[in-house]
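First comes the structure, then the notes that go with it.
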Amino acid sequence: MKINVIRSFILTGFLFIQTSALHSQEAERLQALAANDISPTFSLTLTSKSPEYRAGSIIWIKIVQTNLTKHDIDCTEEWDGIDRTYDYEATDEYGKPAEKRHRGNAGWDIHSSTMAVGEYATREIQIERIFKLDRPGKYTIRVSRREPFLKDERGEPLVVWSNPITITITG
Amino acid sequence: MNKPLGKLGEAIVRSLLHAATLFLLISPTLCHAAVKPMMACDAANTGQIPTITSVSPSTLYAGKTYNVLVTGVFTGDSAIPGCDYIEFWFVTSSSFYSNGTGLVGGSTDSYVTVNNYFDPGAYISPTQTMISVTVAPNAPTETDDVIITCDGCDYQAYAPIQIVGGLTITSVTPSGWWAGQKQNITITGTNFLTKSDSSGPSHVTLTDGANAVTLSNVNVISSTQITATVDIPKKAPAETVTLTVTNTSTSGTPQTATASPAPVVLPIPVISWRGETISGDGAKKQTVIVGQPVELTTTPATLPGGFTISKNMWDVPGTDIKSYNGDSSGITINEDVDLKDIYTTFYWLYPDTGLNVTYEYCATDTSGNQLCTSPQATATFKATRPNISLTVTNPYNHGRVNELPVCGQHQRAAFMFYGDLHYLSGCAPPYTGPVGIDLTASGGDNGIYKFVQVLPSDTLSWNGNAPFQCGPYVNVLDSGFPFPGVQPNQIRPQKAYDGPGQALPNTYSSGTRNFHALMYLLWQPPQLSGTSTASIPVPIGYQQWQFVAAADQTAPIGRGKWQQPVTNAAGAVGDFMLSQDSDNAIYGYPIWGSVSGIGSCDPVNQTQEIEE
């Protein structure tokens, strides 16, 4: 036990020095590895501007990513009209996945960003750019974002899911 | 002639008396005669000439009822040859007459009513008769006479009786008196006594609860008009004032009249902010940070005496708005600051050293007359803002071609980026090269920065056998609102990065991106203590920058081997420009048409969905 305590102390000191010197994402990765902790580093909260939209209208959803750690984490955006750092899921009231729109691959802008302890970042996304939500009905929407450095017990990248929201599309 | 006349007989008598009265009225020679022969009648011979020795009281006040005791010699009509009956008259306008000794007749003075008309009970003795009269409240001051005369005969006796007119106040103008100044007022009414009147002039008194009003220069101009000056200190409260005019009398009780409705002291309005008075003498200049709410209230809220506040008028100089709302769909502001209430809340957007906010109100009296504030209330503000700037600390002036790995959502492909890749989701280890541009805000770290990037134009094009183009996207919001990179409450160097990229499909010989950006910097000051209203972001300025680059594929085309791009222009264009309230319709806040959506464009399949 004594050895472990000393090791932890040394490791913590090492990490402190590294954090101040390295890029924040690298520091985040090192911290995650050192802690061997697969608890999510952030949470996602999803809301809709309105619970109901007319078919064909712009449907705004807001994603709030909140830092759950005691260190900086990444919240970079890869933008091409939506934020590609997120995965988006929409199902109709029967559980059937909504039809996705074809998205091109013309290019994107990298908007690098980090957020500090206790902070949050918001994204407002036009979800109709991703799914064809032109049929009246109720749709359940979730978004997810991969943990950049954490893997689950099976070695797969850890994915953080948002709460589901339901929106109604009217004719 | 002590017999009932009946109604017809009374009417005849009255007609006769009225005729006689008219005669007397138009006969000035009779006005002051004690005894005057009127027509042939042998009373002198009989020694039965009627006389009046006294009338008591001899002064009658308007609005009151009197028993007038008339003493004299009231001979019976039969005692005077030729007399039908004896009359009691008032010369000029009033008359009493007697149907028989001591019997009271009527009055032709429209302001005097005889109450014991033909009442036998008026008779007291052969030498005394009691006449009950009521003088109307609005009776004028005049001299009437009690007359004894012989109808059908030519003798009469009379005694003067003074009618002191009814004292009334019909109006006081102005009806409201502003605190903090001297004002001339006019009192209009009836029966004011001037200096020339024996008991004149009338006196004016004012009484107010705060004992604040001072009266001076009282001048009775006429029986219907008095002028005076009222002086009211600045701090006088809203209150009604009792204004009384008094007519003194050497005999009888003084008459008084009180103005109704009562004049009202209209206080100088007072502007308050965060519980403190900030207008008036000694008020200090207030300091507020742009974007912080200015919640002003004013008094009075109500007025006494039936006065109503009919108009509130604020004047707020400078660039101010009522509210702000911003999200990815756009920035909206409400310019319509409520300037017609005793409350107003607004935000200043730009610094200014001398902002005089004024407030005035109008009060309407019970007659519908409107009086507007004089003077106004004024509060002076200084709107400040930290010296905030935006600097481009890493204006890389080159593009790079990178081969993306298969990771996350990314397929292996060539891309042209401004700078190096910084990070790609799902890709480990992260790319840590420099990004295209790094914009750092400073100077306002006690508040919150918000970056908003608008693209005046952005076009991606590919050349080859089948050229294709995405865009131009014109005046679109890049990413969302706010632009990623600066998070709420982040207190440290505030940066926004951007690295525009473009896919380089193997089927094209070259790719070009023509990217022009305006990075706006907004700043939201800290919450103002003592207020629950949140501060709002205000426009600070914008930095123009661009990335215009082209990359060529190495021949033979189709193998995906690309040369490093040729950069025609990259980085900042000019200096950070401070926003101006005249920049656009929303005072320098960024304006965009829609959110950029290059993801709908596919150069591989050469398709482009129409996006909003």
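The values are calculated or read from the model by the stated rules, or taken from the named source; none is laboratory data. These numbers were taken from a predicted model, which means no experiment stands behind them. Cβ sites come from the backbone with ideal geometry, for glycine too, and all protein chains shown count toward neighbours. For accessibility, only protein heavy atoms count, side chains too; no ligands or nucleic acids. Shrake-Rupley method; radii C 1.70, N 1.55, O 1.52, S 1.80 Å.
Could you check segment B:586-610 and list, in sequence order, the residues that are out of contact with any helix residue (DSSP H, G or I) (no Cβ under 9 Å at 6 or more places or on another chain) and either among the charged types (D, E, K, R) or assigned to a helix (DSSP H, G or I) (or both)?
Within segment B:586-610, B:598, B:602 meet the criteria.
Under the condition of being within 16 Å of residue A:94 (Cβ to Cβ) and in contact with a Pro (Cβ under 9 Å, 6 or more places away or on another chain), which residue from segment A:136-150 is most open to solvent (accessible area, probe 1.4 Å)?
The extreme case among them is A:140.
Quick test for you: out of A:78, A:147, A:52, pick the one residue that is within 25 Å of residue B:326 (Cα to Cα) and either within 11 Å of chain B (Cβ to nearest Cβ) or aromatic (Phe, Trp, Tyr) (or both).
Going through A:78, A:147, A:52 in turn, the sole match is A:78.
(1) within 8 Å of chain B (Cβ to nearest Cβ); (2) surrounded by fewer than 19 Cβ atoms within 10 Å (Cβ to Cβ): which one isn't true of residue A:132, the others all being true?
With (1) within 8 Å of chain B (Cβ to nearest Cβ); (2) surrounded by fewer than 19 Cβ atoms within 10 Å (Cβ to Cβ) applied to residue A:132, the lone miss is (1).
Does at least one position in segment B:572-585 carry a residue that is part of a strand (DSSP E or B), open to solvent by less than 20 Å² (accessible area, probe 1.4 Å), in contact with a strand residue (DSSP E or B) (Cβ under 9 Å, 6 or more places away or on another chain) and without any contact (Cβ under 8 Å) to a residue 60 or more places away in the chain?
No, segment B:572-585 has no match at all.
A quick yes/no check of all residues on (1) more than 30 Å from residue B:294 (Cα to Cα); (2) of a type in the set (S, T, N, Q):
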| residue | (1), (2) |
| --- | --- |
| B:533 | no, yes |
| B:542 | no, no |
| B:548 | yes, no |
| B:570 | yes, no |
| B:590 | no, no |
| B:595 | yes, no |
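Out of the residues in segment A:59-75 that are in contact with a Ser or Thr (Cβ under 6 Å, 6 or more places away or on another chain), surrounded by fewer than 24 Cβ atoms within 10 Å (Cβ to Cβ) and not hydrophobic (A, V, I, L, M, F, W, C), state the one that is farthest from the other protein chains (Cβ to nearest Cβ).
Only one residue fits best here, namely A:69.
Yes/no per residue for (1) part of a strand (DSSP E or B); (2) open to solvent by 30 Å² or more (accessible area, probe 1.4 Å); (3) more than 24 Å from residue B:385 (Cα to Cα):
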site: B:281; (1), (2), (3): no, yes, yes
site: B:284; (1), (2), (3): no, yes, no
site: B:291; (1), (2), (3): no, no, no
site: B:306; (1), (2), (3): no, yes, yes
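With the requirement that a residue be β-branched (Val, Ile, Thr) and under 23 Å from residue A:90 (Cα atoms), what does segment A:102-135 give you?
Correct list: A:122, A:125, A:127, A:130.
Out of (1) surrounded by fewer than 19 Cβ atoms within 10 Å (Cβ to Cβ); (2) over 28 Å from residue A:83 (Cα atoms), the odd one out for residue B:609 is which?
Residue B:609 satisfies every listed condition except (2).
Do we find a residue being open to solvent by less than 10 Å² (accessible area, probe 1.4 Å), modelled with pLDDT of 50 or more and closer than 30 Å to residue B:215 by Cβ anywhere in segment B:140-161?
No, the conditions are met nowhere in segment B:140-161.
Could you tell me how many of the residues in segment A:85-122 are in a loop (DSSP other than H, G, I, E, B) and more than 12 Å from residue B:597 (Cα to Cα)?
Qualifying residue count for the region: 15.
Going by the structure shown, is residue A:97 surrounded by fewer than 17 Cβ atoms within 10 Å (Cβ to Cβ), free of Cβ contacts under 8 Å to residues at least 40 places away in the same chain and either facing another protein chain (nearest Cβ under 9 Å) or not aromatic (Phe, Trp, Tyr) (or both)?
Yes, satisfied.
Quick check on my filter: what residues within segment A:151-169 are surrounded by fewer than 18 Cβ atoms within 10 Å (Cβ to Cβ), away from chain B (no Cβ under 14 Å) and in a loop (DSSP other than H, G, I, E, B)?
Listed by number, the residues that qualify are A:152, A:153, A:154, A:163, A:164.
Identify, please: which residue in segment A:104-121 is surrounded by fewer than 20 Cβ atoms within 10 Å (Cβ to Cβ) and in contact with a Lys or Arg (Cβ under 8 Å, 6 or more places away or on another chain) and is, among those, nearest to the other protein chains (Cβ to nearest Cβ)?
A:116
Being within 14 Å of chain A (Cβ to nearest Cβ), open to solvent by less than 10 Å² (accessible area, probe 1.4 Å) and not basic (Lys, Arg) is true for just one of B:458, B:445. Which residue is that?
When all the criteria are applied, what remains is B:458.
Restricted to segment B:532-571, and to residues that are over 27 Å from residue B:392 (Cβ atoms) and in a strand (DSSP E or B), which residue is modelled with the lowest pLDDT?
Out of the qualifying residues, it is B:562.
What is the one condition in (1) open to solvent by 10 Å² or more (accessible area, probe 1.4 Å); (2) away from chain B (no Cβ under 13 Å); (3) modelled with pLDDT of 85 or more that residue A:47 does not satisfy?
(2)
Suppose we filter segment B:330-344 for residues that are touching a residue at least 24 places away in the same chain (Cβ under 8 Å) and crowded, with 16+ Cβ neighbours inside 10 Å; how many remain?
5
A quick yes/no check of all residues on (1) β-branched (Val, Ile, Thr); (2) farther than 28 Å from residue B:403 by Cα; (3) crowded, with 19+ Cβ neighbours inside 10 Å; (4) touching an Asp or Glu at 6+ places or on another chain (Cβ under 9 Å):
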{"position": "B:512", "(1), (2), (3), (4)": "yes, no, yes, no"}
{"position": "B:527", "(1), (2), (3), (4)": "no, yes, no, no"}
{"position": "B:534", "(1), (2), (3), (4)": "no, yes, no, no"}
{"position": "B:559", "(1), (2), (3), (4)": "no, no, no, no"}
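For segment B:258-265, does any single residue satisfy the condition of being part of a strand (DSSP E or B) and at pLDDT below 95?
Looking through segment B:258-265, none of the residues is part of a strand (DSSP E or B) and at pLDDT below 95.
Any idea which residue in segment A:83-94 is farthest from the other protein chains (Cβ to nearest Cβ), counting only those that are open to solvent by less than 10 Å² (accessible area, probe 1.4 Å) and over 23 Å from residue B:458 (Cα atoms)?
Ranking the candidates gives A:90 first.
Of the conditions (1) in a loop (DSSP other than H, G, I, E, B); (2) closer than 26 Å to residue B:418 by Cβ, residue A:125 clears all except one; give me its number.
Every listed condition holds for residue A:125 apart from (1).
Would you confirm, using the coordinates I've provided, whether residue B:600 is polar (S, T, N, Q), within 17 Å of residue B:502 (Cβ to Cβ) and within 14 Å of chain A (Cβ to nearest Cβ)?
Yes: the conditions hold for residue B:600.
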